[in-house]
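The values are calculated or read from the model by the stated rules, or taken from the named source; none is laboratory data. No experiment lies behind these values; they were computed from the predicted model shown. Note that we place each Cβ from the backbone using ideal geometry, even for glycine, and neighbour counts take in every protein chain shown.
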Amino acid sequence: MESTNSIDHTLNHLFRQESGKMVSVLIKIFGSENIEMAEDVVQDALLRALEVWKFRGVPDNPRAWLYRTAKNKAIDIIRKNKHSRTIDFSDPERQLLTSEYTLTPTMNGYWEEAQIQDDFLGMMYACCDPEISPENQVTFILKSLCGFSTKEVAKSFLTSETTISKRLYRTKEYFRNHKIAPQIPSSEHIASRTQSVLSAIYLMFNEGYNSTHSEDLIRNDLIFQSLHLCKAMLDNEKTQLPEVYALMALMCFHTSRVDSRLTEEGKLIRLEDQDRSLWNKELIAAGTNYLFKAGSGNTFSTYHCEASIAHQHCIAATYEDTNWKIILYFYNMLLSIEDDPVVALNRCLVISILHGPEQALKELKSLGKDPILDKYYLYHSSLAAMYEQLEEKDLAIDHFKKALELTQSKQEQLFLNERIDYLRDQ
């Protein structure tokens with residue numbers, strides 16, 4: 001007999017991976033006006049698994065067990081609501097569900113592997129409808145497609161469960177009013193809509209890699225879910241686009257360095273001080289393979305540039321061996337695609353290495369006119385680093401203090417305080 005802890009762990013991992021797929025299929029069956037019904041079925045399947053597996057043990061194929069349980073529950077709901085208006089059976093896709101002769105074979109069709117994958121991807125595109133705010137997109141993806149509880153989502157955004165519930169309610173209302181079904185866009189619209197999906201995934205990944213809404217700087221759960229969602233896109237021929245490969249490459253490169261970013265005490269380690277033997281070589285190799293595949297076609301996105309920059313860092317044997325010239329080339333290309341102040345800021349740090357702190361400081365000051373950067377802690381910590389190199393200690397301390405006021409991360413605050421203390425002792 002397996003322990004309760006072992007069963008809970010198995011179910012939790014399985015739920016994270018499969019809940020979104022089950023919800024997507026069930027929304028296709030019940031309609032987007034019945035999202036809560038779909039979520040309830042998935043929760044019921046999970047509770048049933050907890051109940052049964054404690055006595056019988058985890059089945060040989062737990063995924064198939066959960067799917068079968070959810071499917072049988074959906075059949076019961078269809079039968080109970082066959083003559084009500086809760087489910088819109090006038091939809092051509094649901095008409096065959098009203099007859100006992102066609103109910104089971106039709107329901108089985110919804111749960112075929114290819115259909116499950118299509119509906120899951122379709123739900124990702126539905127979540128990233130342009131009319132839904134990016135904040136609400138990520139909130140809804142975490143809750144409905146990644147199996148996060150409302151409490152976990154609230155923790156991710158450092159906000160209250162009430163706020164998250166309101167976001168979810170507004171998003172569900174939008175789904176109800178517009179009857180948005182899980183559907184991959186047509187070939188002529190897929191490229192433009194994919195950008196929204198990738199933006200949501202990358203936003204989630206960045207929150208996991210460098211969390212602004214958690215006491216933990218690194219959120220491995222968010223990193224895993226981001227990789228999982230992107231991999232789902234690459235597993236489907238319809239969404240195997242160059243920019244998807246590029247984002248997957250970028251996330252693999254960044255994830256490969258996670259274990260070297262913090263000390264055992266949780267202190268932040270700068271890139272130049274990281275132990276490169278801790279970098280995950282398998283992830284770097286996977287990222288390199290994805291980057292190669294991203295080169296197919298005529299698309300060259302910001303993800304291509306960012307992945308190329310991250311690749312250069314990953315293949316350098318030491319910090320000093322980094323090919324900074326080619327990294328500057330990719331930063332220039334990135335800025336030509338999208339005029340992003342944060343990208344321009346990162347470019348200045350490369351300039352300081354290639355052309356010295358005076359040139360970098362000059363460019364940093366020109367960027368300071370942007371109100372977004374002036375409220376960004378990395379802008380002030382970058383200014384401080386330049387002043388430190390130029391031996392202007394007081395100015396360096398002032399900007400480290402300003403950076404300290406602008407970040408909520410305990411690890412970053414600890415790092416900045418250490419820099420301030422170091423300069424004061426000089």
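Looking only at region 35-80, count how many residues are β-branched (Val, Ile, Thr) and either surrounded by fewer than 18 Cβ atoms within 10 Å (Cβ to Cβ) or over 30 Å from the mean Cα position of the chain (by Cα) (or both).
Within region 35-80, residues that are β-branched (Val, Ile, Thr) and either surrounded by fewer than 18 Cβ atoms within 10 Å (Cβ to Cβ) or over 30 Å from the mean Cα position of the chain (by Cα) (or both) number 5.
What helices (runs of 4 or more DSSP H) lie completely within region 325-426 and have 3 or more residues being within 23 Å of Thr263 (Cα to Cα) and not charged (D, E, K, R)?
Of the helices (runs of 4 or more DSSP H) lying wholly inside region 325-426, those with at least 3 residues that are within 23 Å of Thr263 (Cα to Cα) and not charged (D, E, K, R) span 377-389, 393-405, 410-424.
Residues are listed down the side, and each one gets a yes or a no for (1) charged (D, E, K, R); (2) modelled with pLDDT of 90 or more:
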position	(1), (2)
Ile7	no, no
Met22	no, yes
Asp40	yes, yes
Arg63	yes, yes
Tyr67	no, yes
Phe120	no, yes
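So Asp425 clears everything in (1) at pLDDT below 90; (2) under 33 Å from the mean Cα position of the chain (by Cα) except one condition, right? Which one?
With respect to (1) at pLDDT below 90; (2) under 33 Å from the mean Cα position of the chain (by Cα), Asp425 is out only on (2).
Which number in (1) surrounded by fewer than 17 Cβ atoms within 10 Å (Cβ to Cβ); (2) in a helix (DSSP H, G or I) marks the one condition that Cys314 misses?
The number of the failed condition is (1).
Starting from residues that are among the hydrophobic types (A, V, I, L, M, F, W, C) and touching a residue at least 40 places away in the same chain (Cβ under 8 Å), keep the ones in region 166-197 and report whichever is surrounded by the most Cβ atoms within 10 Å (Cβ to Cβ).
That would be Val197.
Yes or no: region 135-147 includes at least one residue that is part of a helix (DSSP H, G or I), touching a residue at least 12 places away in the same chain (Cβ under 8 Å) and hydroxyl-bearing (Ser, Thr, Tyr).
yes
Of all residues in region 214-247, which are within 14 Å of the chain's Cα centre (by Cα) and either charged (D, E, K, R) or in a loop (DSSP other than H, G, I, E, B) (or both)?
Ile218, Arg219, Asp221, Lys231
Across region 255-287, what is the total count of residues that are surrounded by fewer than 17 Cβ atoms within 10 Å (Cβ to Cβ) and assigned to a helix (DSSP H, G or I)?
So the answer is 10.
Just one of Gln411, Gln359 is within 23 Å of His313 (Cα to Cα) and touching a Gly at 6+ places or on another chain (Cβ under 8 Å); which is it?
Values: Gln359 fails: touching a Gly at 6+ places or on another chain (Cβ under 8 Å).
One residue alone meets the criteria, Gln411.
Looking at Leu291, Leu250 in this structure, which one is assigned to a helix (DSSP H, G or I), more than 15 Å from Thr194 (Cα to Cα), touching an Asp or Glu at 6+ places or on another chain (Cβ under 8 Å) and modelled with pLDDT of 95 or more?
Only one candidate passes the filter, namely Leu250.
Take region 218-252 and flag every residue that is basic (Lys, Arg) and over 21 Å from His13 (Cβ atoms).
Lys238
Restricting to helices (runs of 4 or more DSSP H) lying wholly in region 1-115: which have 1 or more residues that are touching a Pro at 6+ places or on another chain (Cβ under 7 Å)?
Result: 4-30, 62-80.
Is there a residue in region 402-413 that is more than 25 Å from Ser308 (Cα to Cα), touching a residue at least 40 places away in the same chain (Cβ under 8 Å) and in contact with a His (Cβ under 9 Å, 6 or more places away or on another chain)?
Yes, that holds for at least one residue.
Within region 90-130, can you find the residues that are within 27 Å of the chain's Cα centre (by Cα) and among the hydrophobic types (A, V, I, L, M, F, W, C)?
The answer is Trp111, Ala114, Ile116, Phe120, Leu121, Met123, Met124, Ala126, Cys127, Cys128.
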